[in-house]
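The values are calculated or read from the model by the stated rules, or taken from the named source; none is laboratory data. Please read all numbers here as calculations on a predicted model, not as lab measurements. Glycine gets a Cβ as well: all are built from the backbone with ideal geometry, and neighbour counts include every protein chain shown. Side chains included, ligands, DNA and RNA excluded: accessible areas come from the protein's heavy atoms. Shrake-Rupley method; radii C 1.70, N 1.55, O 1.52, S 1.80 Å.
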There are 2 protein chains.
Amino acid sequence: MAGPQQELVFAPLGGVGEIGMNLSIYGLGSGNRRQWLVVDVGVSFAAEEHLPGVDLILPDVRYLEAERKNLAGIVITHAHEDHFGALLELWPRLKVPVYATPFTAALLEAKCAGEPGAPEIPVKVIPVGGRFTVGAFDIELVTMAHSIPEANALMIRTPCGTVLHTGDWKIDPTPILGDRTDEAKLRALGEEGCLALIGDSTNSVREGRSPSEADVAKTLTELIKAAKGRVAVTTFASNVARLRAVAEAARAAEREVVVVGRAMDRVAIIGRELGLFGDLPPFRPMDAYGYLPPNKVVALCTGSQGEPRAALSRIAEDQHPEVTLSRGDTVIYSARTIPGNEKAVGRVINGLIDQGIEVITDRTHLVHVSGHPRRAEVEELLSWVKPRIVIPVHGEALHLSEHAKIARKAGVPEVIQCRNGDLVRLAPKAGLIDEVPAGRIYKDGRLLVDAQARTVADRRRLSFAGAVSVALALTEKGELVGDPSYDLLGIPERDRKGDFLHEHVHEAVLSTFESLPRGKRRDPDAVGEAVRRAVRAAVNERWGKKPMCYVHVLTV
Amino acid sequence: MAGPQQELVFAPLGGVGEIGMNLSIYGLGSGNRRQWLVVDVGVSFAAEEHLPGVDLILPDVRYLEAERKNLAGIVITHAHEDHFGALLELWPRLKVPVYATPFTAALLEAKCAGEPGAPEIPVKVIPVGGRFTVGAFDIELVTMAHSIPEANALMIRTPCGTVLHTGDWKIDPTPILGDRTDEAKLRALGEEGCLALIGDSTNSVREGRSPSEADVAKTLTELIKAAKGRVAVTTFASNVARLRAVAEAARAAEREVVVVGRAMDRVAIIGRELGLFGDLPPFRPMDAYGYLPPNKVVALCTGSQGEPRAALSRIAEDQHPEVTLSRGDTVIYSARTIPGNEKAVGRVINGLIDQGIEVITDRTHLVHVSGHPRRAEVEELLSWVKPRIVIPVHGEALHLSEHAKIARKAGVPEVIQCRNGDLVRLAPKAGLIDEVPAGRIYKDGRLLVDAQARTVADRRRLSFAGAVSVALALTEKGELVGDPSYDLLGIPERDRKGDFLHEHVHEAVLSTFESLPRGKRRDPDAVGEAVRRAVRAAVNERWGKKPMCYVHVLTV
């Protein structure tokens, strides 16, 4: 199959220079005729401050839509939202088979089942460690330890060479759940020859090695055993090893586990089905919380990121119908705070402390570890795999740049730093050869909005300076009929002197209209524009900000 | 003066349960006739995400306005914004003398001079360590080490006992600039007898002791000596010891210092006037940056919090008229990131790294230390002062609660945890006795807006779901004249099917109007309300969000 012209290319359509939204494509072919493999279709969470009202950020897959007939398939490395969270929205635009291991497939199915109108996505389930082909790509899964079951690196064998796409990973000698990172297979790849490693950069600024999940389990057991009142633990629902560690700690402390929150329920059910909880006693239904004595219960809650509608936030505000906490109880944050969520998490924690509840976080206790490799782990992987090329992905500029430095220091012959949309040739002769369209789409309510559209930018402007809406009725001769009408939205009521701003607006509208030459008064657009300018200036003079202004000129 | 009924009370009007906005009051008298002393009048910075368009948060001083004839004066402990930043806005409501040391007074004067329309605030300058009276309060300043020159604790002597109001402080044996924390005076207070300590809780969750400013200076010298290209250092302008450390490091590396940014300029001038820079060579004007060789210059920049218009952000975006950086240059963040600013700082850092600029932060090097006491320092102060009462202030719930625990463990007989607006009697017989009005005011553009007003809440709603403005003209008989008019603000243009949302709005308006009984059509309010509901429902059906809707019904 490999003609002399055959080349292998790689392009990130998301996840490079940003957190989340991982989507990579590999292309095999010659000239502009390529077959494409998609790896991961993730989302990013919009930090409210910059994208008000946006729920999710999705990669723009315009390029793949155009190339749809050449798409061989989509492989999902693992079931974290930043790797598979955009499938429900974007699969209908691509409509090619999706390949995933059992846990990932089960979570995807549960997600679709919980979402009215979700597409029916055909998933081909691949066993852990399995080997399969997608079009011209020969793919073998490599088990990696991470903070979710069944995280896989992909060995992508092509006539041009073999690529290791690491996905998310760490080296954890005691991962609690699932197999350890498959060192033997990775070393064998090093022997076989690895063309390129496309790898996770998240923790490349951190020295040394990550602590193990087993260390966290030990701390959790000590804390839960020592607790006097009720204990609530919050973590990412998908971290099944962590859920299991909490359940084992509860058993050791002779407490029962109650699961609180929709995402947590979903994973609890799937985890049981797939046997991930071993011989642990079943979790108790939420209503058991009410009658179990305080020292006999552990609540496993969603809400580690301060999400206002999640279990822990509602419990903290005493708004949860079944689960309550009070003075002397303990809440353990077994999760890190994702950048952008610090304020929201801080508010929940402060609310809990105000009620006399003990709050334990990873600032003082080892109640969380990251699922990503620190520097020594990155070095170790490179020593196993010995890639000719390294391309750092999955991280902000700082992380990518540190990952690149580690690779150079380790003697990797070619380290390529690229941006989303860069098309990189891996073989023959590596280098940046082109750009493909890349970008972002916002999920705004139920709709998808192009990031370039004005919608969200307008809402940001509204949030800073509000808006004035004016309506006036004119005859065809340009005579004002009745009184103009005003609405001031998000604008202070009075100025420094105590005068109403809407009265200033009223005066500005009337005096502007009267100062217009008679001919212009007949032109609704001219009237509208003059009024708009005058209103903005009048508000700015008193407030120091120019609101948006919309003028309805009705011809009656 | 001290009758048998005399009592001493304390109330925080800000700064308790939150970061910033420090304002405390002490009252001396009997019954409800008290004379008041105000300590600090600080602001808080609004994290954009929750208060869009708000620049500052100020304490609500309604209570002090009502008690104005009983106000003896305002003492400012030091010149950080969270302690004196609300003076320009709030002093006109209080109009009593302000007491401050020379550096604080000079910074306040410079601030007023830079602000058109700023009030003329009468400042009584007190020497460092001075003793003075404000009404019935006998006050002595105690020098404390902190991250700004002339940080003072206040010993407030009254007939009911002596209070130590710590202000912000740490114990730093080598503070670089200014005297060390005045251990002798504090120990003497312990001997004399201290009724109550009202103290800084900021770092009460951190074990041990803060590193010294001198340690930071050492690191800065090493880094600047080792740098090859240009070096830019960003820090809080008011941290004069840090500016001096940078200037000394520059001298050691045979580099010259260029000051960039308005706040930095202001402090550079005041620092020279007050002799705070010792024998250091003068800073160079900004235009020198252009002709000095890269290895001969250090730029001292504002912008450590990612503020978009500050020097470093503009340099990072290559928007600064005189200062540029390029590949191989180094930027040192000699400041912590204030919670809420993580994203903004991250964006600037990533932009710099993208350009190949080396960025050094306190994550990897000791280039910043906090100015607040860690746990061992809090314990040491308590051992010196031996207060009968401790009231933790200056911190979020978590910090206050940890500070209270430290005090209890140290054997302090009474630890009182209170909230903003709580009126605490210190003597005789300590306890919570009443509440006074407290709250927040927003600086929104040039106006002050009550936090309870709808203005900002409305803007938040606009930022999430936009607004629709509708105008229609009716005759007095309730007949529709001409076409209704629509503006959709911050709402997606099309629904999932590709239809325009404004067409759905149009249909909703017309069909609603037509379905109204003839009698109702004559009632503009009824028409407006029916249209409003119909429009919100129509948009919600397609978008999944209900925008605000404003309807102008003009009678023509």
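Excluding same-chain neighbours fewer than eight residues apart, the aspartates and glutamates reachable from B:K497 by a Cα-Cα span under 15 Å are A:E89, B:E541. Taking the helices alone, chain B has a mean residue ellipticity at 222 nm of -9500 deg cm²/dmol, built from -39,500 (n - 2.57) per DSSP H run of at least 4 residues and averaged over all its residues.
The distance from the alpha carbon centre of the range B:471-492 to that of the range A:298-327 is 45 Å, rounded to a whole number.
Candidate cross-link partners of B:K225 among the lysines, defined by an alpha-carbon separation under 26 Å and a same-chain spacing of 8 or more, comprise A:K405, A:K409, B:K296. What you get for chain B, charging only the Cβ of Lys and Arg (+1) and of Asp and Glu (-1), is a dipole of about 580 debye around the Cα centre.
For the range B:80-204, the number of Lys pairs separated by eight or more positions or lying on different chains, with C-alpha atoms closer than 21 Å, is 4.
Residues in the range A:91-117 near a label at A:V125, defined as backbone nitrogen under 14 Å from the 7 Å Cα→Cβ point? Under 14 Å, as judged by backbone N against the label point of A:V125, lie A:99-110 of the range A:91-117. One decimal place: the segment B:E493-B:A226 gains 90.6 nm when fully extended, by the rule 0.36 nm per residue minus the C-alpha distance.
The lysines within cross-link reach of A:K520, meaning a Cα-to-Cα straight distance under 29 Å and a gap of 8 or more places when in the same chain, are A:K477, A:K545, A:K546.
Pairing chain B with chain A buries about 5700 Å² of accessible area. This figure sums both sides and uses a 1.4 Å probe. Remark: the range B:65-168 carries 33 Å² of accessible area per residue (probe radius 1.4 Å; ligands, DNA and RNA excluded).
Simple point charges give the picture: +1 on the Cβ of Lys and Arg, -1 on the Cβ of Asp and Glu, and for the range B:363-427 a dipole about the Cα centre of about 100 debye.
Summarising the label geometry, the points placed 7 Å from Cα in the beta-carbon direction at B:E414 and B:D450 lie 3.4 nm from one another.
Within the accessible surface of the range B:1-44, defined with a 1.4 Å probe on protein heavy atoms only, the carbon and sulfur portion equals 45 percent. Treating r as the C-beta distance of B:R327 and B:K429 and R0 as 56 Å, the FRET efficiency rounds to 0.25. Shielding value for B:446-456 is 4, the average number of Cβ atoms from other chains within 10 Å of each residue's Cβ.
For the range A:74-121, which whole-number percentage of the solvent-accessible area (1.4 Å probe, protein heavy atoms only) is attributable to carbon and sulfur atoms? It is 51 percent, rounded to a whole number. Here the range B:430-531 has 45 percent of its accessible surface on carbon and sulfur atoms, given a 1.4 Å probe and all protein chains in place. Annotation for the range B:404-418 versus the range B:174-192: alpha-carbon center distance of 22 Å.
Of A:H80, A:H506, the order by accessible heavy-atom surface (1.4 Å probe, DNA, RNA and ligands excluded), from most exposed downward, is A:H506, A:H80. Provide a list, ordered by number, of residues in the range B:510-556 showing at least 10 Å² less accessible area with every protein chain present than when their chain is taken on its own, using a 1.4 Å probe. Buried by 10 Å² or more upon assembly, which counts only protein chains, are B:E541, B:R542, B:W543, B:G544, B:K545, B:Y550, B:H552, B:L554, B:T555, B:V556. Note on the protein assembly as shown: antiparallel DSSP beta bridges, both residues inside, total approximately 55 percent of the bridges counted. Shape class of the range B:355-443 from the alpha-carbon gyration tensor: oblate, with a/c at 1.5 or above and b/c at least as large as a/b. Here A:R460 sits with roughly 70 square angstrom of accessible surface, probe radius 1.4 Å. Of the residues making up the range B:457-472, those losing 20 Å² or more of accessible area when the isolated chain is joined by the remaining protein chains, with a 1.4 Å probe, are B:R459, B:L462, B:S463, B:F464, B:S469, B:A471. The residues of the range A:438-556 present an accessible area of 47 Å² per residue when probed at 1.4 Å with all protein chains retained.
With a ≥ b ≥ c the root eigenvalues of the C-alpha gyration tensor of chain B, is it rounded (a/c under 1.5), prolate (a/b larger than b/c) or oblate? Here chain B falls in the oblate category. When only the Cβ of Lys, Arg, Asp and Glu is charged (+1, +1, -1, -1), the dipole of the range B:203-303 relative to its Cα centre reaches about 180 debye.
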